[in-house]
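The values are calculated or read from the model by the stated rules, or taken from the named source; none is laboratory data. Worth saying up front: this structure is predicted, and the values here are computed from it rather than measured. Note: ideal-geometry Cβ built from the backbone for every residue, glycine included; neighbour counts use all protein chains shown. In case anyone asks, the SASA skips ligands and DNA or RNA and just uses the protein heavy atoms, side chains included. Shrake-Rupley method; radii C 1.70, N 1.55, O 1.52, S 1.80 Å.
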Amino acid sequence: MPRASVGIGLRDAYVEPLRDLRDRRALDVLEVMIDDAQFDRRRMDAWRSLGQRWPLVAHGVALGPGDAIGLDREYVRAVSADLAAVGARWYSDHLCFLRVAGERGPIDLGHFAPLALDDGDLAVLRDNAAALREQYAGTFLLENPADILGFAGQGDAHGRESGRRYTAALRACAAGALLDVTNLALQARNDGFSAGVFLDELDWDRVVEVHLAGGRRSGGLWIDSHDHPVDEEAWALLEHVARRADNLRAVIIERDDRLPTLEVLLDEVAHARRLLP
Amino acid sequence: MSESAKRQSALGRMMLDEAFEARVRSEPARVAEELSLPLSFVLELAAISAERVRAFRASQRHKDAVRGGKPPTKLRW
């Protein structure tokens, strides 16, 4: 089995340091936030330039694959064009809904909202995945978000059911899995289950990518704030997942706030590499 | 609107609109009737703790603040 590539989520602050980085082998891959190109087109030039040195994969936060009101077709067209233009190896977004019908039209919640993943939700996911594929024919991955609301319950039975429903959603969308082990760890803490019971229900052949980040407490709950170093529990989960996921291709360290220097993130990349088989 | 869309709309509104959240908690039967939703679903919404709703909103504000130039989310229902 080839070892998975390890890299970082590319943020604007790292563009210049990466251009100046002498040792290209300090990381294997970069993940771009594909939505961000819509707010500043200069990012496309920067990404294409860095794409000459490292392979690029793409991540998004605005698709809403579980939106029962349907996908925003204009957004899907724009993102699909950008994915092709930067030559992303694959594209991922979160298993959630984002846009709902408000009194004056669709409202973007600005945050991943949890799906019940009942038959109705699975039908929505199937339809939306088909709509996505009309524009984007490449590999699509679905990430497990951290469900802060605990909508579906507490304890190991809930954790096990969450793993089953995540797998059912992947099958409905014919998608690969982007397993965010930090989200899993935080949800397990908030909802009182063992991460292992969720993992035992996974379709391991589908796991293509892993995300790692650092969360923090807000009140009595953990949120996936991406503003701290990766913690020990997430590192241990990476080690566990890497042993079981034969199709794992990439491990990405994410940071969105309280950004450290590139060197600090590259230390985390090196640590992740040491944990892979 | 489909049943799934109605449920998502109600959950989304509860996250954005504190007055609506209060009504879900205090008069779930009336909310269910107004929105043509099963009472059992509205009771599930009412069972989400206030602490978890606050954490959702805090996380929402945090994500709005850090995402690459995206305009702040429209939060008015």
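When you filter the trypsin sites (Lys or Arg not before Pro) in segment A:218-263 for DSSP loop state and at most 15 other Cβ atoms inside 10 Å of their Cβ, you are left with A:Arg258.
Per-residue mean of foreign Cβ neighbours for A:81-91 is 0 (Cβ atoms of other chains, 10 Å radius).
Rolling a 1.4 Å probe over the protein heavy atoms of segment A:100-224, with every protein chain left in place, gives an accessible area that is 46 percent carbon and sulfur.
Among the trypsin sites (Lys or Arg not before Pro) within segment A:102-152, those in coil by DSSP and having at most 11 neighbouring Cβ atoms inside 10 Å are A:Arg104.
Mean residue ellipticity, 222 nm, helices only, chain A: the sum of -39500 (n - 2.57) across DSSP H runs of n ≥ 4, divided by residue count and rounded to 500, is -12000 deg cm²/dmol. In this structure, the amide hydrogen of A:Ser5, modeled 1.01 Å from its nitrogen in the peptide plane, lies closer than 5 angstrom to those of A:Ala250, A:Val251, counting only residues at least 5 positions away or on a different chain.
Summary of the geometry: segment A:139-198 and segment B:36-55, compared by the centres of their Cα atoms, lie 20 Å apart. Placing pseudo-labels 7 Å out from each Cα toward the beta carbon at A:His271 and A:Phe39 gives an inter-label distance of 2.8 nm.
For segment A:9-77 versus segment B:12-27, the spacing of their alpha-carbon centroids is 36 Å.
Restriction of the GluC sites (Glu not before Pro) in segment A:98-166 to DSSP coil positions whose beta-carbon has at most 16 other beta-carbons within 10 angstrom yields A:Glu103. Accessible surface for the protein assembly as shown, divided over its residues, is 41 Å² per residue with a 1.4 Å probe.
Taken across both chains, chains A and B shield about 3300 Å² of accessible surface from a 1.4 Å probe. Dipole magnitude for segment B:3-65: computed about the Cα centre from +1 point charges on Lys and Arg Cβ and -1 point charges on Asp and Glu Cβ, it is near 220 debye.
Is the shape of segment A:5-275 rounded, prolate or oblate, going by the alpha carbon gyration tensor and its root eigenvalues a ≥ b ≥ c, with a/c under 1.5 for rounded and a/b larger than b/c for prolate? It is oblate, given that a/c is not under 1.5 and a/b is not larger than b/c. Label-to-label distance for A:Arg217 and A:Asp231 is 0.9 nm, based on points extended 7 Å past Cα in the beta-carbon direction.
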